[in-house]
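To start, the structure itself, in structure tokens.
The values are calculated or read from the model by the stated rules, or taken from the named source; none is laboratory data. These figures come from a predicted structure and were not determined experimentally. No Cβ is skipped: glycine too gets one built from the backbone with ideal geometry, and neighbour counts run over all protein chains shown. Each accessible area value is taken on the protein alone, full model and side chains, heavy atoms only, with ligands, DNA and RNA left out. Shrake-Rupley method; radii C 1.70, N 1.55, O 1.52, S 1.80 Å.
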Amino acid sequence: MEQWIDAYVALGSNIDNREIHLEEAIEHLVMNPHVSLVETSAIYETDPVGVLDQSAFLNMAIHIKTTLSAQQLLHEMQMIEDKLGRERTVHWGPRTIDLDLLMYGEEEIEEENLIVPHPRMAERLFVLIPLADIGESLQIPGIQQTVKERIDHCLAQGCKKDSVRLYR
């Protein structure tokens, strides 16, 4: 019998119809019979990070259950990015869709093409705030803090909460 694992995925888009890209990415992901959608966060509009000369992003997070391995899930997510026109030309640049595997069960994974929990999630409010919508009491593996505690830590360190605004 296959074991279903709880996984959390961040989604972002800042090209063309951003909201449609988020919806289509979720639709494609749950078309896979080994993926089941549990819950979605609200959508937030966020200022770009890294390359600042680009449009604002829409970001959200989803909770899924999956029987795919972390590597299989990553592969599925990358195929969806490709289907939706993601081009990897500028690091942290504009994109139709970005899918990041934030957490996969309670596992800590460090492989050449996959690090879980996502290595920068604990310092990015545009990831943590949507994730808190669907799991503020989740323990982040390897950090020993909940999502809510991590948000409080970021704010105490000077993170700008106004860079993440509720969109809908």
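Report whether or not Leu84 is out of contact with any Asp or Glu (no Cβ under 9 Å at 6 or more places or on another chain), open to solvent by less than 80 Å² (accessible area, probe 1.4 Å) and modelled with pLDDT under 95. Break it down into steps so the answer makes sense when it comes.
Values: out of contact with any Asp or Glu (no Cβ under 9 Å at 6 or more places or on another chain): no; open to solvent by less than 80 Å² (accessible area, probe 1.4 Å): yes; modelled with pLDDT under 95: yes.
Spelling it out, it is not the case that Leu84 is out of contact with any Asp or Glu (no Cβ under 9 Å at 6 or more places or on another chain), open to solvent by less than 80 Å² (accessible area, probe 1.4 Å) and modelled with pLDDT under 95.
Looking at this structure, is Ile143 of a type in the set (Val, Ile, Thr), without any contact (Cβ under 8 Å) to a residue 60 or more places away in the chain and surrounded by fewer than 18 Cβ atoms within 10 Å (Cβ to Cβ)? Please lay out each step first, then the result.
Values: of a type in the set (Val, Ile, Thr): yes; without any contact (Cβ under 8 Å) to a residue 60 or more places away in the chain: yes; surrounded by fewer than 18 Cβ atoms within 10 Å (Cβ to Cβ): yes.
For Ile143, the condition - of a type in the set (Val, Ile, Thr), without any contact (Cβ under 8 Å) to a residue 60 or more places away in the chain and surrounded by fewer than 18 Cβ atoms within 10 Å (Cβ to Cβ) - is met.
Out of the residues in the range 88-105 meeting the condition of being touching a Ser or Thr at 6+ places or on another chain (Cβ under 8 Å) and not basic (Lys, Arg), tell me which one is modelled with the lowest pLDDT. First the steps, then the outcome.
Here is the first cut: in the range 88-105, the residues touching a Ser or Thr at 6+ places or on another chain (Cβ under 8 Å) are 94-98.
Imposing the further condition that a residue be not basic (Lys, Arg) reduces the set to 94, 96-98.
Working: Pro94: 73, Thr96: 83, Ile97: 92, Asp98: 90.
The qualifying residue modelled with the lowest pLDDT is Pro94.
Can you tell me how many residues in the range 1-59 are of a type in the set (Phe, Trp, Tyr) and at pLDDT below 95? First the steps, then the outcome.
Taking the range 1-59 and keeping what is of a type in the set (Phe, Trp, Tyr), we get 4, 8, 44, 57.
Checking the rest, the ones that are also at pLDDT below 95 come to 57.
Here the count works out to 1.
Being under 14 Å from the mean Cα position of the chain (by Cα), surrounded by fewer than 21 Cβ atoms within 10 Å (Cβ to Cβ) and over 17 Å from Val127 (Cα atoms) is the requirement here; does Glu2 meet it?
Against the criterion (under 14 Å from the mean Cα position of the chain (by Cα), surrounded by fewer than 21 Cβ atoms within 10 Å (Cβ to Cβ) and over 17 Å from Val127 (Cα atoms)), Glu2 does not qualify.
Run Val164 past the list (1) surrounded by fewer than 14 Cβ atoms within 10 Å (Cβ to Cβ); (2) modelled with pLDDT under 90 and report the number of the one that doesn't hold.
The number of the failed condition is (1).
Would you mention how many residues in the range 110-130 are open to solvent by 60 Å² or more (accessible area, probe 1.4 Å) and in a helix (DSSP H, G or I)? Walk me through how you get there before you give the answer.
Pass one, the range 110-130, residues open to solvent by 60 Å² or more (accessible area, probe 1.4 Å): 110-113, 115, 119-120, 123.
Filter again for in a helix (DSSP H, G or I), leaving 123.
Of the residues in the range 110-130, 1 are open to solvent by 60 Å² or more (accessible area, probe 1.4 Å) and in a helix (DSSP H, G or I).
Only one of Asp133, Asp152 is part of a helix (DSSP H, G or I) and over 16 Å from the mean Cα position of the chain (by Cα). Can you tell me which? So that I can check it myself, show each step before the final result.
Numbers: Asp133 fails: over 16 Å from the mean Cα position of the chain (by Cα).
When all the criteria are applied, what remains is Asp152.
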